[in-house]
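What follows is one structure encoded as structure tokens, with my remarks underneath.
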Amino acid sequence: MHISGIGTNPIGTNPNIDNQKPNAQSSNLDMKIQALEQDLQKLNAEKQKAIQNKDTEQAKKIEKRMREIEKQIQELQKRKEKATETVSANKSTTKNTSLSDGMHIDEFA
């Protein structure tokens, strides 16, 4: 009797390996978001100094830069959400029955 579809995980189908890229991407995006948020805090402090010095022109320039950074943060957060959704989708579509020795049986075998 020949049973097809029984064997170790083929290359590129290990869910632990496949999910590392989106998770790493999410971590990278988190770091970028944090860096931009720190920049935003620094700019806010600079803006307050400009306001105290009655330098409205400088305050306007800083405010413009702050809006640009806020926009970048929103874009990165959207990318992060998509990466998280991709990981969830990959986990829900992975269908194989694990055996105790690390082998699996394909659902369509």
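Laid out as a table, the results:
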{"item": "Tally, over the range 21-78, of residues that are in a helix (DSSP H, G or I), more than 30 Å from Ala89 (Cβ to Cβ) and open to solvent by less than 70 Å² (accessible area, probe 1.4 Å)", "result": "12"}
{"item": "Members of the range 22-46 found to be of a type in the set (Lys, Arg) and in contact (Cβ under 8 Å) with a residue 12 or more places away in the chain, listed by number", "result": "Lys32"}
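The values are calculated or read from the model by the stated rules, or taken from the named source; none is laboratory data. None of these values were measured; they are calculated from a predicted model. When we count neighbours, we look across all protein chains shown, and the Cβ atoms used for this are built from the backbone with ideal geometry, even at glycine. All accessible areas refer to the heavy atoms of the entire protein, side chains included, with ligands and DNA or RNA removed. Shrake-Rupley method; radii C 1.70, N 1.55, O 1.52, S 1.80 Å.
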